[in-house]
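Colleague: Below is one structure. I have some questions about it.
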Number of protein chains: 2
Amino acid sequence: MLEDLNKYRCLKRGTAGAINIDPLQRGGVLTPEARDAVMEWADGYSVCDFCTGSLEAIDNPPIREFVREALPAFLEADQVRITHGAREGIFSAMHALCERGETVVADGNVHYTTLLAAELAGLNVELVPAGEKPLYRVDPGGYEEAIERARGRGERVGMAVLTYPDGNYGNLVDPKAVSKICRREGIPLTINGAYSVGRMPVGAKSLGADVIIGSGHKSMASSGPIGVIGATEELAARIFRRSKLVPNKELEMLGCTLRGAGILTMMASFPAVVERTKRWDEEVEKARWFAGEMEKLGIVLQGDRPHSHDLMFYKSEMLYEISKTAKKGRYFLYKELKKRSIFGIKPGLTRQFKLSSYQLTRDELNSVLSAFEEIVAHHPKA
Amino acid sequence: MLEDLNKYRCLKRGTAGAINIDPLQRGGVLTPEARDAVMEWADGYSVCDFCTGSLEAIDNPPIREFVREALPAFLEADQVRITHGAREGIFSAMHALCERGETVVADGNVHYTTLLAAELAGLNVELVPAGEKPLYRVDPGGYEEAIERARGRGERVGMAVLTYPDGNYGNLVDPKAVSKICRREGIPLTINGAYSVGRMPVGAKSLGADVIIGSGHKSMASSGPIGVIGATEELAARIFRRSKLVPNKELEMLGCTLRGAGILTMMASFPAVVERTKRWDEEVEKARWFAGEMEKLGIVLQGDRPHSHDLMFYKSEMLYEISKTAKKGRYFLYKELKKRSIFGIKPGLTRQFKLSSYQLTRDELNSVLSAFEEIVAHHPKA
């Protein structure tokens, strides 16, 4: 097993020059500045050259200022810390703010990692069911009912989570309406902004969130894994509490989290990320135009209408019919797109799939549309 | 706060071309292959281009083979997973294997993150005290006494941890002797190999460990944060158990951990890392020679004698005396070394400090020795 290890030496990504429409990937493409940063800071523990006891206290590079001033302003949160990613941030919030055995209420389109975080923290989950196809909408009022259901069973509800937007349909539930219910019921609201923080102009205060979660690799042009967590002063005191055994270290973060190059890529991209959130309207407009063109081909957008996010879920019975007789079977769509240097739709999917138009040019999106058009035209239906 | 963000764009590390003797940094310097990998895979979630549901199942790049075959062989462990770092791996093992309220027994030279991990998992810690200066040795037999002390108080001992070597003195406690006690008492032994895995020829079976922890950024020439955890089949079934809510995901890892470039740097460096562990004897010999030369200057090695690790802790009353009247006070040593392009001793330290000779050439170490010699010669003692 330890012979012939050369195969690990020079692995290539194999998607160079391609158009990547995977929603996971669009918001994590590094800026040129972040690419420079990754080379400068790639070695092991490089950011700890001038460590003074904790990651967020480092002045050289200026991590302290970034985390204590720039990020709180950006996230409209009193306190911010760097995490290993959105899921780890959600776990920290749940672990710190909830007691084992309590219940978390979350939207029915919740990302699976929120379920994992709750389970790992010893919590139950009560979902606010999503509505039927094709909209899959979550009604904010459903939070009230979910809280009542849990309480009716004698459970204590320790937190509400809203995935904003969700990672399946790109749906945006009115956060203020959810927040109002949570305030009334005395339950902290955590907003999972893995697909909004760094893309859309969002902030904890504007959304009515007590805790806000972001993902660096999903939406902040950062080299993953990395994320952010912001909280009100009151909740921050609990989430970022000091250890009893090692009083100068924050317990929930195990001292320091992102002791590597990732934090420098987030910092290097940050000016561009702040700017791009101001142009979010253009992204929404582009997504709507793209969806309209896809629908002309018989590939139908699911979720919110009008759609307000670049993450889009499509269904197509036609592509499914084609797959029944296509040479490569259900892999035909993946192979045909690959042939045209388009990546990001999972191999084997035809009847339904996700994609994102984020930060792609109209020319690139026209190439994607032409590809679908050709593929449909050149394949006989079953 | 969100104006003038350009300062984050192009941050330089400022230690280019310098000799870095920080023990944190020596084993994390990337190989040329890893530097190529970081550029190739730096974007966000790049390793997930061809995701099939979990990080360790990805065939392109060949993460599955690396984690399921190469790493288990290297670590002599039945099952291995990638973690965010050593501390996160230790937390996972404790959280999965111990019940809240139980006690963990650990060596008195334990890294502070083990204390944090235990506290976060709701566990008590009983230390095996380290002996007096200058050796600071931990007696393996002390584990038996610590277990008895905890049990005498009615506590259940859920795990023993041995830091091998510790991160302060680079001391190596006989792991087989500790393992024998743990086996007899029916307590799993976790070895924190943050400073051994990737440097020394170590493996769980040879050491007698049930769980072995490594650090990519500390000792495996990887871009941090990243680590490894290996375990016996029996304990792996508990640590890497599947979620009940999301049955195809591993709960303790929150699904996937290192969804970024770090894992590719670990893979790219791995052939070189395997090779360098075979030349560990040369590193020990070099460290002993270096320590001998330092002692000729009146800077005295602490910890094991003969010393068997590149991590060395020094004391010097003489440098402390100099600092009392030196122009820069206690910062004089840092400044004088910096002037000579030598980094890694924390600003303000003179009376005692750590350094590492790992992977430095004799020429480079001679430069370090000359620097100390000059500094001592050119400063009058108080």
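Readers should treat all values here as calculations from the given coordinates under stated rules, not as data from a laboratory. The structure presented is a predicted model; accordingly, all values stated were derived computationally and were not measured. Note that each Cβ is placed from the backbone with ideal geometry, even for glycine, and that neighbours are counted across all protein chains shown.
Colleague: Using the count of nearby Cβ atoms within 10 Å as a rough guide to exposure, how do B:Trp280, A:Trp41 rank from fewest to most?
Modeller: On the way: B:Trp280 18, A:Trp41 28.
Neighbour counts put them in this order, fewest first: B:Trp280, A:Trp41.
Colleague: I need the P(r) histogram for the stretch A:75-147: all alpha carbon pairs, bin width 10 Å from 0 out to the longest distance, whole percents.
Modeller: 19, 41, 33, 7
Colleague: With n ≥ 4 as the cut-off for DSSP H runs, can you work out [θ] at 222 nm for chain B, using -39500 (n - 2.57) per run divided by the number of residues, rounded to the nearest 500? Write down the numbers at each step before the final one.
Modeller: Values: 15 runs with 145 residues, N = 382.
Taking each H run of at least 4 residues, the total per residue is -11000 deg cm²/dmol.
Colleague: Sticking with this structure for a sec: Could you check the simple spin-label distance between A:Glu3 and A:Ser341, using points 7 Å along Cα→Cβ, in nm with one decimal?
Modeller: In this crude spin-label approximation the distance works out to 4.1 nm.
Colleague: Please list the equivalent ellipsoid semi-axes of the stretch A:323-371, computed as the square roots of five times the alpha-carbon gyration tensor eigenvalues, in descending order and whole angstrom. Intermediate values should be presented prior to the final figure.
Modeller: Working: eigenvalues 91, 26, 13 Å².
They are 21, 11, 8 Å, listed largest first.
Colleague: Okay, next question. Roughly how far apart, in whole Å, are the Cα centres of the stretch A:328-343 and the stretch A:11-61?
Modeller: 30
Colleague: Among the aspartates and glutamates, select those whose C-alpha is under 18 Å from the C-alpha of B:Lys335, and discard any that sit fewer than 8 residues away in the same chain.
Modeller: A:Asp49, A:Asp59, B:Asp22, B:Glu321, B:Glu373, B:Glu374
Colleague: Using every pair of alpha-carbon atoms in the stretch B:63-219, split the distances into 5 Å bins beginning at 0 and state the percent of pairs per bin, rounded to integers.
Modeller: 2, 10, 20, 23, 22, 14, 7, 2, 1, 0
Colleague: Roughly how many Å is it from the Cα centre of the stretch A:224-244 to that of the stretch A:90-161, as a whole number?
Modeller: With the stretch A:224-244 and the stretch A:90-161 each reduced to a Cα centre, they are spaced 20 Å.
Colleague: Please identify, among A:Phe313, A:Phe343, A:Phe50, the residue showing maximal mean-square fluctuation in a Gaussian network model of chain A using a 10 angstrom Cα cutoff.
Modeller: Of A:Phe313, A:Phe343, A:Phe50, the most mobile in the Gaussian network model is A:Phe50.
Colleague: For the stretch A:1-106, which trypsin sites (Lys or Arg not before Pro) are in a loop by DSSP, counting at most 14 other Cβ atoms within 10 Å? Write down the numbers at each step before the final one.
Modeller: Numbers: sites: A:Lys7, A:Arg9, A:Lys12, A:Arg13, A:Arg26, A:Arg35, A:Arg64, A:Arg68, A:Arg81, A:Arg87, A:Arg100; in loops: A:Arg9, A:Lys12, A:Arg13, A:Arg100.
Answer by residue number: A:Lys12, A:Arg100.
Colleague: Sort all Cα-Cα distances of the stretch B:20-116 into consecutive 10 angstrom bins from zero, then give the percent of pairs in each bin up to the one containing the longest distance.
Modeller: Pair shares across the bins are 12, 30, 36, 19, 3.
Colleague: In addition: I want to verify the translational diffusion coefficient of the stretch B:229-303 in µm²/s; compute it with Stokes-Einstein, Rh as the Kirkwood radius over Cα pairs, at 25 °C and 0.890 mPa s.
Modeller: Values: Rh = 16.8 Å.
This corresponds to a translational diffusion coefficient of 146 µm²/s.
Colleague: Right, next: As a test of the definition: which semi-axes, in Å, follow for the stretch B:279-378 when you take the square root of five times each eigenvalue of its alpha carbon gyration tensor? Largest first, please.
Modeller: Numbers: eigenvalues 107, 39, 24 Å².
Working through the eigenvalues yields semi-axes of 23, 14, 11 Å.
Colleague: If you don't mind, there's one more thing I want to ask. Report the residues of the stretch B:277-292 in range of a label on B:Glu364: point 7 Å along Cα→C-beta, backbone N strictly under 15 Å from it.
Modeller: B:283-284, B:286-287, B:290
Colleague: Once you sort the root eigenvalues of the Cα gyration tensor of the stretch A:132-255 as a ≥ b ≥ c, which label holds: rounded (a/c under 1.5), prolate (a/b larger than b/c) or oblate (the other case)? Spell out each step's value before the answer.
Modeller: Values: a/c = 2.16, a/b = 1.21, b/c = 1.79.
Oblate is the answer for the stretch A:132-255, as a/c is 1.5 or above yet b/c matches or exceeds a/b.
Colleague: So for chain B, taking the charge dipole from beta-carbon charges (+1 Lys/Arg, -1 Asp/Glu), which of B:Leu189, B:Phe343, B:His217 sits furthest toward the positive end?
Modeller: Final value for the positive-end residue is B:Phe343.
Colleague: Follow-up. Restrict the search to the stretch A:143-248; then list the trypsin sites (Lys or Arg not before Pro) that DSSP places in a loop and that have at most 16 other Cβ atoms within 10 Å of their Cβ.
Modeller: Working: sites: A:Arg149, A:Arg151, A:Arg153, A:Arg156, A:Lys176, A:Lys180, A:Arg183, A:Arg184, A:Arg199, A:Lys205, A:Lys218, A:Arg238, A:Arg241, A:Arg242, A:Lys244; in loops: A:Arg153, A:Arg156, A:Arg199, A:Arg241, A:Lys244.
Of the trypsin sites (Lys or Arg not before Pro), the ones in loops of the stretch A:143-248 whose Cβ has at most 16 other Cβ atoms within 10 Å are A:Arg153, A:Arg156, A:Arg241, A:Lys244.
Colleague: Further question on the same structure: In terms of Cα to Cα distance under 26 Å, which lysines are near enough to A:Lys278, apart from those fewer than 8 places away along the same chain?
Modeller: The reachable lysines, counting only those whose Cα sits under 26 Å from A:Lys278, are A:Lys176, A:Lys205, A:Lys218, A:Lys286, A:Lys354, B:Lys7.
Colleague: Here is a further query. Could you go through the stretch B:332-340 in sequence order and give the Karplus-derived ³J(HN,Hα) for each residue, using 6.51 cos²θ - 1.76 cosθ + 1.60 with θ = phi - 60°, rounded to whole Hz, and x for Gly and Pro?
Modeller: Per-residue couplings from phi come out as 4, 5, 4, 5, 5, 5, 4, 4, 9 Hz.
Colleague: I would also like to ask the following. With only alpha-carbon atoms counted, please give the Rg and Dmax of chain A, in Å.
Modeller: 22.0, 69
Colleague: When only alpha-carbon atoms count, how far does the stretch B:161-225 stretch along each of its three principal axes, as whole angstroms with the largest first?
Modeller: Principal axes ranked by extent give 39, 21, 18 Å for the Cα atoms.
Colleague: What are the GluC sites (Glu not before Pro) within the stretch A:129-199 that DSSP puts in a loop, where the Cβ has at most 12 other Cβ atoms within 10 Å? Present the calculation step by step, with values, prior to reporting the outcome.
Modeller: Details: sites: A:Glu132, A:Glu144, A:Glu145, A:Glu148, A:Glu155, A:Glu185; in loops: A:Glu132, A:Glu155.
Counting only loop positions with at most 12 other Cβ atoms within 10 Å, the GluC sites (Glu not before Pro) in the stretch A:129-199 are A:Glu132.
Colleague: Each label point is 7 Å from the Cα along the Cα-to-Cβ direction; what then is the distance between the points at A:Ala177 and A:Lys327, in nm?
Modeller: Result for the modelled spin labels: 5.0 nm.
Colleague: Right, something else. What's the extension gain from A:Glu285 to A:Ala73 if we count 0.36 nm per residue and subtract their Cα-Cα distance? Before the final figure, lay out the partial values.
Modeller: Values: separation 212, 0.36 × 212 = 76.32 nm, distance 2.69 nm.
Using 0.36 nm per residue and subtracting the Cα-Cα distance, I get 73.6 nm.
Colleague: A follow-up question, please. Could you list A:Tyr358, A:Tyr334 so that the one with the fewest beta carbons within 10 Å of its beta carbon is first and the one with the most is last? Mind dumping the intermediate values first?
Modeller: Details: A:Tyr358 23, A:Tyr334 20.
So the residues, fewest neighbours to most, are A:Tyr334, A:Tyr358.
Colleague: For the protein assembly as shown, restrict the atom set to alpha-carbon positions and state the Rg and Dmax in Å.
Modeller: Every Cα atom of the protein assembly as shown included, Rg and Dmax give 26.8, 93 Å.
Colleague: Based on the alpha-carbon gyration tensor of the stretch A:287-346 and its eigenvalue square roots a ≥ b ≥ c, which shape applies: rounded if a/c is under 1.5, prolate if not and a/b is larger than b/c, or oblate? The partial results should precede the final answer.
Modeller: Details: a/c = 2.53, a/b = 1.71, b/c = 1.47.
Since a/c reaches 1.5 and a/b is larger than b/c, the shape of the stretch A:287-346 is classed as prolate.
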